[in-house]
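A.B. asks: Take a look at this one; I'll ask things after.
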Amino acid sequence: MKKLSFILIVLMLLSGFAFASGSGETAAATDPNTVKVGLLCIGDENDQGYTYNFIRGRDEATEMLKADGINVEWVTKFNIGEDATCTDANIEAAEEGCQIIINNSYGFEPFMLEVVDEYPEIEFISCTNCASAFDGRDNTHNAFANIYEGRYIAGVVAGMKLQQMIDEGQIAPEEAIIGYVGAYSFAEVISGFTSYFLGARSVCPSVTMKVSFVGSWSDATAESDAALALVDQGCVMISQHSDNTTPATAAQSRGVFHTGYNNDMTGIAPNASLISTRIDWGIYFYEAIKAYVNGEKIPQDWCKGMADGAVVMTQLNEAIAAPGTAEKVAEVEAAIADGSLQVFDTSTFTVGGETLTHAFALDTDGDFTADSEEAVYDGAFHESVFQSAPYFTVQIDGIEWLNAAY
Amino acid sequence: MNTAENRTPLIRLAKRTEMSRRNMWLIRVGSIIIALILGCIPMLLTGNNPFEAYGVIIQGSVSRPVYLKQTIRTAIPLLGCALAIAPCFKMKFWNIGAEGQITMGAVFATYFALFWSDKIPHGLLLIIMALSGAIAGGLWAVIPAFFKAKWNTNETLFTLMMNYIAIGIVAWLQGGPWEGRKGSQLIPMFSDSARLPTVFGVNCGWIIVLVLVVLMYIYMNKTKQGYEIAVIGDSVNTARYAGMNVGWIIVRTMFISGAISGVVGFIIVSGANFTLYSGVADGVGFTSITVAWLSQLNSFAMIAISMILAILEKGSNTLQTRMEVPASIADIITGILLFCMLSCEFFINYRLIFRHKEKKEVTA
């Protein structure tokens, strides 16, 4: 027993030394052309969707900045919850010397804002949310992109396919039904599927749409189930606003078509997926980090669209897309970029049979209902003008909500 | 003789009769060292230097005031909840429903934080939140206790299932009546008057749980009720023979246990998270079982054990940040450590007898 206790004590001392001699604390970057940036993600790259799209943006921005002589040292943290673990992750990133901290999910913002006053010299960015821009602090920012533009074009691609099916007699005009898998009945999603629908109807006048909300941003099984249920209800085209690729595979398994979000899904569903749209976060990361290094201010609320490359379309699946789609896409892209085409043109849709003449954009009194800034003017609803986060919540005619998930 | 020998298994277990305190602690320290050595394996597999990794865990949890505060903040609910389940476990009532009791306490505290914060002064509001949390947690715990006392239902399953109901209620509130911006799934943050004040930079929940440590020690060791709990834990029949109302004691003990868990829920929402969401208990109700067990239900030992677990949790977070190891590696290391620490209690209580050893004894 004595021998054993001796061995134990020696081992204990050894491990004690090992702790003490562990890695030294890493010092913050001192080189003015090196910047340390934290990226806090809700998922990880394996989602092949939402977070993967941010990682692509991160790597792209790193390359672009390197060309400008700026080195970025990234601290990327994955699988953070929309809860107090996000507060901790922000503190952690700040303490580890990050000069800019990017929160990639909507639900991170309130937890991020708990931390920002402790670190006034650090810039905090909340992607896709809307409180940071207007909270009166200099070091908190919002960013989003005009993804509704990309969705409109994805809708055009879908509509052309549907029109082709009608013209070839595969379906009757009233059978051109789109099924849309949405996450929540939330402005970002409503804005997205409405623009998609308007895009489709611009080239296929008889199209209608059914929307099913799954009540989660990322639930692969529920998304797949919702897509299958929509096909069962007669939908011949599936699109989605959720983080996984399962709606695409579900569409393929039932022999219907699909357009995606966040990532090119033609690889996993080559017979179904026509095109996807995604935000190119690299554009924003590049601008924000460059501004920081140059001693300029990062914009309080950043929002750009197709004209600046912040929203892009993935490769069109020419093998299954309707003929002439590529030309039409290029034409619409140009029209959106030069402003001659308004996605939410009020002459193209009705609400309860009436033309939309009034809708507020912003909520200023904190009751979560928009109460100021008229968004409808010059014959269109102007999305993402008053704040980067979408605020279109109108239910237009032609779109049937199968359920709601708040 | 020969056949009897063949029937003897290679390894047999025998209950240890006595063991010196010194040896008990040697085994415990030894188990931690073995765990640390085993923990090197996943780190080596992912191509990291284990010594560096352990260093980062220590640095990331205690080396800076901010990190130490976060570590203590993590330890508070663990300690509080371990205190809560200790009397149940002493009674051999397997309450694994602390998760749900925390959640229900948090729900009721949140109700007052959301709807009464502008009508009630700060101090009074916090007291009301704490009391309502305690009552809600207590009542939630009484439900399975009542069924156990009345119809002898299985409390392990019952308390476990109650957790999911509580979590489901919060998920509904989050997406329904208490939701802030429509579709956001977020309940608004508490206003300042519904937040616990900080003492030395950490929410004053640490004072509450330290007071509870002392109270629980006195309750378990110096009061008649504590004695009744111990008797029931040893033998229900003895308790009955002594004229104790076993059913009533079960219900009473579970109410106290649930009430403390409810207060922990209040501390979590009002002192750390400042809002309510379905993951509010975040596994504390389960991890604290480990804390209670490792401390042998001794309230003072729980302080140390909950700190060790908090250090591991916070430290492995920093490990992820600095060395970019996946979160699961940090979880594996924590799991190995807990496994070794818990299994060493087995070796303290039992000894292994190998076959050849017995043969020697027979021939001798």
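A.B. asks: Mind telling me which of B:THR287, B:THR159, B:THR238 comes out most flexible in a GNM of chain B, alpha-carbon contacts under 10 Å?
C.D. replies: B:THR238
A.B. asks: Let me ask something additional. What do you get for the angle between helix B:205-222 and the principal long axis of chain B? Use alpha-carbon atoms, 0 to 90 degrees, nearest ten.
C.D. replies: Taking Cα atoms only, the helix is inclined about 50 degrees.
A.B. asks: Here's something else I'd like to know. Highest first, please rank the peptides A:349-357, A:215-223, A:262-270 by the mean number of other Cβ atoms sitting within 10 Å of their residues.
C.D. replies: A:262-270, A:215-223, A:349-357
A.B. asks: A further question on this structure: Where nothing but the Cβ of Lys and Arg (+1) and of Asp and Glu (-1) is charged, how large is the charge dipole of the protein assembly as shown around its Cα centre, in debye to the nearest 20?
C.D. replies: 6080 debye
A.B. asks: Under 8 Å for C-alpha pairs, at least 6 residues apart: give me the relative contact order for the range A:63-216, rounded to a whole percent.
C.D. replies: 17 percent.
A.B. asks: Next question. May I ask you to list the aspartates and glutamates whose Cα is less than 15 Å away from that of B:LYS69, ignoring any residue fewer than eight positions away on the same chain?
C.D. replies: Leaving aside aspartates and glutamates fewer than 8 places away in the same chain, those within reach of B:LYS69 are A:ASP88, A:GLU92, A:GLU95, A:GLU118, B:GLU313.
A.B. asks: Kyte-Doolittle mean at least 1.0 and Cα extent at least 15 Å along the axis: which DSSP H helices of chain A qualify?
C.D. replies: TM-like helix candidates: A:2-20.
A.B. asks: Search the structure for amide H atoms under 5 Å from the amide H of A:GLY38, placed 1.01 Å from N in the peptide plane, and list their residues when 5 or more places away or on another chain.
C.D. replies: A:VAL75, A:GLN99, A:ILE100, A:ILE101, A:ILE102
A.B. asks: Averaged across the residues of B:66-73, what count of C-beta atoms belonging to other chains lies within 10 Å of each residue's C-beta?
C.D. replies: Across B:66-73, the average partner-chain Cβ count within 10 Å equals 2.
A.B. asks: I'd like the FRET efficiency for B:ASN154 and B:MET24, computed as 1/(1 + (r/R0)^6) with the beta carbon distance as r and R0 of 25 Å, rounded to 0.05.
C.D. replies: Here the calculated transfer efficiency is 0.15.
A.B. asks: Continuing with the same structure: Based on the mean of other Cβ atoms within 10 Å per residue, sort peptides A:179-186, A:232-239, A:303-310 so the most packed one is first.
C.D. replies: A:179-186, A:232-239, A:303-310
A.B. asks: What is the distance in Å between the Cα centroid of the range B:134-160 and that of the range A:324-368?
C.D. replies: If we compute the Cα centre of each part, the gap is 56 Å.
A.B. asks: Suppose each label sits 7 Å from its Cα in the direction of the beta carbon; what would the B:ILE169-B:THR46 distance come out to in nanometres?
C.D. replies: Simple spin-label model gives 3.8 nm for this pair.
A.B. asks: Treat each spin label as a single point 7 Å out from the Cα along the C-beta direction, and report the A:ASP117 to B:ALA327 distance in nm.
C.D. replies: Placing both labels 7 Å beyond Cα along the Cβ direction yields 2.8 nm.
A.B. asks: When Cβ neighbours within 10 Å are restricted to other protein chains, what is their mean count per residue of peptide A:91-97?
C.D. replies: 4
A.B. asks: A further question follows. Which residues does the label zone of A:PHE368 cover in the range A:115-140, counting backbone N under 17 Å from a point 7 Å along Cα→Cβ?
C.D. replies: Answer for the range A:115-140: A:129-132.
A.B. asks: What are the residues whose amide H is under 5 Å from the amide H of A:LYS304, where those residues sit 5 or more places off or on another chain and H is modelled from the backbone?
C.D. replies: A:PHE144, A:ASN146
A.B. asks: Moving on. How many angstrom separate the Cα center of the range B:53-109 from the Cα center of the range A:150-172?
C.D. replies: Using only Cα atoms to place each centre, the spacing works out to 56 Å.
A.B. asks: With Kirkwood's inverse mean 1/r over C-alpha pairs for Rh, give me the Rg to Rh ratio of chain A, two decimals please.
C.D. replies: 1.06
A.B. asks: Rounded to the nearest 5, what is the percent of antiparallel bridges among the DSSP beta bridges in the protein assembly as shown?
C.D. replies: Roughly 25 percent of the DSSP beta bridges within the protein assembly as shown come out antiparallel.
A.B. asks: Another question about this same structure. Taking the highest mean first, how do the peptides B:11-17, A:205-211, A:319-325 order by number of other beta carbon atoms within 10 angstrom per residue?
C.D. replies: In descending order of packing, they fall as A:205-211, A:319-325, B:11-17.
A.B. asks: Hey, with R₀ at 60 Å, roughly what FRET efficiency would A:THR221 and B:LEU210 work out to, going by the Cβ-Cβ distance, to 0.05?
C.D. replies: It comes to 0.85.
A.B. asks: Under 30 Å between C-alpha atoms is the cut-off here; go through the range B:75-307 and count lysine pairs that meet it, provided they're at least eight residues apart or on different chains.
C.D. replies: Step by step, the pairs that qualify in the range B:75-307 add up to 13.
A.B. asks: On a full-extension model of 0.36 nm per residue, what is the gain between B:ILE353 and B:TRP116, subtracting their alpha-carbon distance, rounded to one decimal in nm?
C.D. replies: That works out to 78.9 nm of additional length.
A.B. asks: Let me ask something else. Residues of the range B:268-296 with backbone nitrogen within less than 11 Å of a virtual label 7 Å along the Cα-to-Cβ line of B:ILE127, please, listed as ranges.
C.D. replies: Answer for this model: none.
A.B. asks: Hey, another quick one. Can you compute the equivalent ellipsoid semi-axes for chain B, i.e. the square root of 5 times each eigenvalue of the Cα gyration tensor, sorted largest first and rounded to whole Å?
C.D. replies: 39, 29, 18
A.B. asks: Something else now. Over chain A, what is the mean sequence separation of C-alpha contacts under 8 Å (at least six apart), divided by residue count, expressed as relative contact order in percent?
C.D. replies: Once normalised by length, the contact order is 16 percent.
A.B. asks: So, in nm, how far is label B:ALA301 from label A:GLU327 when the simple model puts each one 7 Å beyond its Cα toward the Cβ?
C.D. replies: Once both label points are built, they end up 8.2 nm from each other.
A.B. asks: Now for a different question. Remind me, relative contact order of chain B in percent, using alpha carbon pairs under 8 angstrom and six or more residues apart?
C.D. replies: Here the relative contact order equals 36 percent.
A.B. asks: Here is a further query. On a straight-distance basis, which aspartates and glutamates could pair with B:LYS15 in a cross-link, Cα separation under 16 angstrom, same-chain partners fewer than 8 positions away excluded?
C.D. replies: B:GLU345, B:GLU358
A.B. asks: If you don't mind, there's one more thing I want to ask. When the Cα centres of the range B:301-322 and the range A:54-90 are compared, how far apart do they sit, in Å?
C.D. replies: 25 Å
A.B. asks: Taking R0 as 45 Å, what FRET efficiency do you get between B:LYS15 and A:GLU45 from their Cβ-Cβ distance, rounded to the nearest 0.05?
C.D. replies: Here the calculated transfer efficiency is 0.30.
A.B. asks: With each run of n ≥ 4 DSSP H residues scored as -39500 (n - 2.57), what mean residue ellipticity at 222 nm is computed for the protein assembly as shown after dividing by its residue count and rounding to the nearest 500 deg cm²/dmol?
C.D. replies: Rounded to the nearest 500, it is -17500 deg cm²/dmol.
A.B. asks: OK, next. Could you state the angle between the C-alpha long axis of helix B:224-234 and the longest principal axis of the C-alpha atoms of chain B, as a value from 0 to 90 degrees rounded to the nearest 10?
C.D. replies: The angle comes out near 40 degrees.
A.B. asks: Return the average number of partner chain Cβ atoms within 10 angstrom of each residue Cβ along peptide A:213-219.
C.D. replies: 1
A.B. asks: Please give the length that would be gained between A:ALA319 and A:ASP232 if that part of the chain were fully extended, namely 0.36 nm times their separation in residues minus their C-alpha to C-alpha distance (nm, one decimal).
C.D. replies: 28.8 nm
Read the figures in this text as sums done on the coordinates, not as results from a lab. Keep in mind that this is a model prediction, so the values were computed, not measured. Every residue, glycine among them, receives a Cβ derived from its backbone with ideal geometry; neighbour counts consider all protein chains shown.
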